[in-house]
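Report on the following structure.
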Amino acid sequence: MDDQLEDKIFSQVYINSMKILSKFAVTIPPLSSWGLFRFYLCAIVLFIVLFYLQAAVVWPRGLLHRITTSFGYTRKMNRLQIMTTNSPEKKQSWEQTRDASSVFAVQGRRLKMEDRFVLEENVNNTGVSFFAIFDGHGGEFAADYAKDFLVQNLLNKITAASNSLRGIVTPSQSTKTDCPDDDKENTSNQPKPSSTLTQRRPSIRKSLTDDCVSNGNCNREQELYLNKLGSSIRNKESFLNNNNNNNNVKPQTFDGKCYVENGKINFGKMLTDEVLAADFELVKTAKKTSNLAGTTALIAIVDDSRLIVANVGDSRGVMCDAKMNAIPLSFDHKPNQSREKNRIKEAGGFIAFHGVWRVAGILATSRALGDYPLKDKKFVIADPDILTFDLSYNKPKFLILASDGLWDTFSNEEAVAFIKDRLHEPNFGAKSLVLESYYRGSVDNITVLVIVFKDGKYTVGSSVAS
């Protein structure tokens, strides 16, 4: 109706204008210079009036608006097509699909891809499945380190623990290995599981450095990070040189069989030990090269009807239960949360609002692997939150693990509803959700991993290459 009304107005204005113009034209003597002058003057005036009417009334919602909207949509579609083409010269999307899980990731509007993911169904035929997402910041070094070293150590421990549980002895396990007695060791750094789950706070959009985005200097991100760190801490040299480091004792780790307790694998203790040990090694390695990068970590393990989720940072997991409700699998570690804010304050640090709340005015997540300048004073820590779920009780349809690039544009409930309608797709809706998040305006790297439980079975099937 609006389009018809606009066309009617335009038509009426045009007809009236032509009538006035024709009246002047008829009265103009053919060879009179004055008549020609009047004719052209009136034509110019009418053209200006007509142009103004078009610009002020018709164009904003008329033909020009439709053209520009179509052009903008086409440009976005071209961008999405470029991202999913995966040309060898400039790869911008990554995907893997297995029997019951799939992941899709895009670089998006970032100059670099700093997300990493791991998808391992039925690790070494143990019946245990392992999934992880790492969201790097300040560079790719920390996310690569976590994927290459932390993940491999965990897979080795899972295999060893599973073999021990089944009575399988490998050559590497034939020698005696010391294990902690009655959980006396290695408990000081282990977080206590919360008995009640607090309601999550709304996700805050992450931007590593405002200067990076606004000035287009993302390749100088580490310099900007260091400069901001120097302006936030008075004695930068002693801080960076770590002369008073109280964190130089390597966390203990144990052989895989040490995590077998009462006929089950204690994945919570295993994840905590390995994450803290990997963070220690990452920080030590980063100091040698003055690499300031860090990464979040979201890890999910499925063993029979158990789901164990470890979270460090602001990537997030969500479960769709039997009633199609969105159940949080993790909670974002944001500096302005009461628990995190109090911890940072007790460590002698502070948080400041620079677009979002940041630790020492720099980092938008309060827990991460790496970030060694902030790690030495424990302003940022790597202690994971561990949550365990009984899948036979929740009876989930699927799980979503994603970096915060998704959660900047989707709530938990929206993401669950979106995937629920697209489980029939080859990648269980992971690709569609990523592209929709990009279309909604996410400015970050976006990675989405979907795990589907088929026919009421909660043991994820063996890996099948797509």
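The values are calculated or read from the model by the stated rules, or taken from the named source; none is laboratory data. What you see is a predicted model, and the numbers here were worked out from it, not measured in a lab. Cβ atoms come from the backbone with ideal geometry, glycine included; neighbour counts cover every protein chain shown. Quick note on the areas: whole protein, heavy atoms, side chains included, nothing else; ligands and nucleic acids left out. Shrake-Rupley method; radii C 1.70, N 1.55, O 1.52, S 1.80 Å.
For the reader, a short list of remarks on this structure follows.
- Members of the stretch 112-137 that are touching a helix residue (DSSP H, G or I) at 6+ places or on another chain (Cβ under 8 Å), open to solvent by 10 Å² or more (accessible area, probe 1.4 Å) and at pLDDT below 95: Lys112, Glu114, Glu120, Asn124, Thr126, Gly127
- Restricting the first member to the stretch 113-138 and to residues that are more than 23 Å from Ile158 (Cβ to Cβ), and the second to residues that are modelled with pLDDT under 90 and not in a strand (DSSP E or B), the beta-carbon pairs closer than 7 Å and six or more apart or on different chains are His137/Leu208; Gly138/Leu208; Gly138/Glu221; Gly138/Gln222; Gly138/Tyr225; Gly138/Leu292.
- No other residue among Arg109, Arg79, Arg75 is open to solvent by 30 Å² or more (accessible area, probe 1.4 Å), at pLDDT below 75 and within 30 Å of Gly317 (Cβ to Cβ) apart from Arg79.
- Selection count, the stretch 375-386, where residues are surrounded by fewer than 20 Cβ atoms within 10 Å (Cβ to Cβ) and of a type in the set (Asp, Glu): 2
- Selection from the stretch 249-275 of residues that are in a strand (DSSP E or B) and open to solvent by 20 Å² or more (accessible area, probe 1.4 Å): Val260, Glu261, Lys264
- The single condition from (1) in a loop (DSSP other than H, G, I, E, B); (2) within 25 Å of Val151 (Cβ to Cβ) that Ile400 fails is (1).
- Restricting attention to the stretch 410-424 and to residues that are small (Gly, Ala, Ser) and within 26 Å of Ala368 (Cα to Cα), the residue that is surrounded by the fewest Cβ atoms within 10 Å (Cβ to Cβ) turns out to be Ser411.
- Selection within the stretch 291-345 - open to solvent by 20 Å² or more (accessible area, probe 1.4 Å) and over 23 Å from Ser101 (Cα atoms): Asn291, Asn336, Gln337, Ser338, Arg339, Lys341, Asn342, Arg343, Lys345
- Residue check, Phe104 touching a helix residue (DSSP H, G or I) at 6+ places or on another chain (Cβ under 9 Å), open to solvent by 40 Å² or more (accessible area, probe 1.4 Å) and at pLDDT 90 or above: no
- All positions within the stretch 387-409 that are closer than 18 Å to Ser315 by Cα, in contact with a Ser or Thr (Cβ under 8 Å, 6 or more places away or on another chain) and surrounded by fewer than 23 Cβ atoms within 10 Å (Cβ to Cβ): Leu387, Asp408, Thr409
- Of all residue pairs spaced 6 or more apart or on separate chains, those with beta-carbon atoms under 8 Å, a first member in the stretch 407-421 that is in contact (Cβ under 8 Å) with a residue 60 or more places away in the chain and a second member that is of a type in the set (Asp, Glu) are Trp407/Asp314; Trp407/Asp332; Asp408/Asp444.
- The single condition among (1) in a loop (DSSP other than H, G, I, E, B); (2) at pLDDT 95 or above that Ser432 does not meet is (1).
- Neighbours by Cβ (under 7 Å, 6+ apart or cross-chain): first from the stretch 311-326, in a strand (DSSP E or B); second among the basic types (Lys, Arg): Val312/Arg367; Cys320/Lys397; Cys320/Lys420
- Pair list, Cβ < 8 Å and 6+ apart or interchain, from the stretch 294-306 residues that are part of a loop (DSSP other than H, G, I, E, B) to residues that are basic (Lys, Arg) and open to solvent by 10 Å² or more (accessible area, probe 1.4 Å): Thr296/Arg367
- The residue of the stretch 425-440 that is least open to solvent (accessible area, probe 1.4 Å), among those that are free of Cβ contacts under 8 Å to residues at least 40 places away in the same chain and out of contact with any Lys or Arg (no Cβ under 8 Å at 6 or more places or on another chain), is Ser437.
- For the stretch 375-387, the count of residues that are in contact with a helix residue (DSSP H, G or I) (Cβ under 8 Å, 6 or more places away or on another chain), in a strand (DSSP E or B) and in contact (Cβ under 8 Å) with a residue 24 or more places away in the chain is at least one.
- In the stretch 129-159, the residues that are closer than 20 Å to Asp404 by Cα, among the aromatic types (Phe, Trp, Tyr) and part of a helix (DSSP H, G or I): Phe141, Tyr145
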